[in-house]
Amino acid sequence: MTIFANTATKQLRLKGTPNENLNLDRTSFTWANLRCVWGFLNFLSMGPMPSGLAGQFVGALVLSHYFWVVAALQVAGGALLLVNRFVPLGLVLLGPVIVNIILYHVFLNRTGIALAIVVAILWLIVFYAHRQYFSGIFVQRT
């Protein structure tokens, strides 16, 4: 399955589906909704939808609803860290998400990499403070 970005009409077309040319305006709509939520919270400026391969990647995440699973993991992990209960579980939930954020910024979209590195460093600080709970996974078993 391949996703093509059509910048002239601001639509994505999904190839390889039963409906060969399915216009996907939901991506733009969902991206606009996310920008409104962030704007309402006045937390971070998400900016426009990324172009090129980064935009296709974000579009695929939104259209497949995979984005909502990742968002749920972020909320659950962040909540566990904030309430200071089950912190190791929160770190386990957030670790792979942070790795994917770093890889996205390294390979697809260099803008925002500084914030991604700050988040990774903060995760490492909390991980280091709770390293005794993870000592078993670093032991070689014979």
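Is it the case that some residue within the stretch 51-74 is at pLDDT 55 or above and closer than 22 Å to residue 125 by Cβ? Scanning the stretch 51-74 turns up at least one residue that is at pLDDT 55 or above and closer than 22 Å to residue 125 by Cβ. With respect to (1) of a type outside the set (Phe, Trp, Tyr); (2) in a helix (DSSP H, G or I); (3) modelled with pLDDT under 90, the lone exception for residue 46 is condition (2). May I ask you to verify whether residue 99 is modelled with pLDDT of 95 or more and in a helix (DSSP H, G or I)? When the stated conditions are applied, residue 99 passes them.
If you go through the stretch 56-89, how many residues are assigned to a helix (DSSP H, G or I) and within 16 Å of the chain's Cα centre (by Cα)?
Number of matching residues: 21.
Residues checked against (1) assigned by TED's automatic domain parsing to the domain that holds residue 72; (2) surrounded by fewer than 11 Cβ atoms within 10 Å (Cβ to Cβ); (3) aromatic (Phe, Trp, Tyr):
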residue: 97; (1), (2), (3): yes, no, no
residue: 101; (1), (2), (3): yes, no, no
residue: 104; (1), (2), (3): yes, no, yes
residue: 111; (1), (2), (3): yes, yes, no
residue: 114; (1), (2), (3): yes, yes, no
residue: 119; (1), (2), (3): yes, no, no
residue: 128; (1), (2), (3): yes, yes, yes
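Can you tell me which residue is modelled with the highest pLDDT among those in the stretch 102-142 that are farther than 18 Å from residue 52 by Cβ and among the charged types (D, E, K, R)? Spell out the reasoning first.
Within the stretch 102-142, the subset farther than 18 Å from residue 52 by Cβ is 102, 114-142.
Then keep just the ones that are among the charged types (D, E, K, R); that gives 131, 141.
On the way: 131: 91, 141: 81.
Per the stated criteria, the residue is 131.
Residue count for the stretch 54-70 satisfying the condition of being farther than 22 Å from residue 111 by Cα and small (Gly, Ala, Ser): 1.
The values are calculated or read from the model by the stated rules, or taken from the named source; none is laboratory data. None of these values were measured; they are calculated from a predicted model. Because the Cβ atoms are built from the backbone with ideal geometry, glycine has one as well, and the counts that use them run over all protein chains shown.
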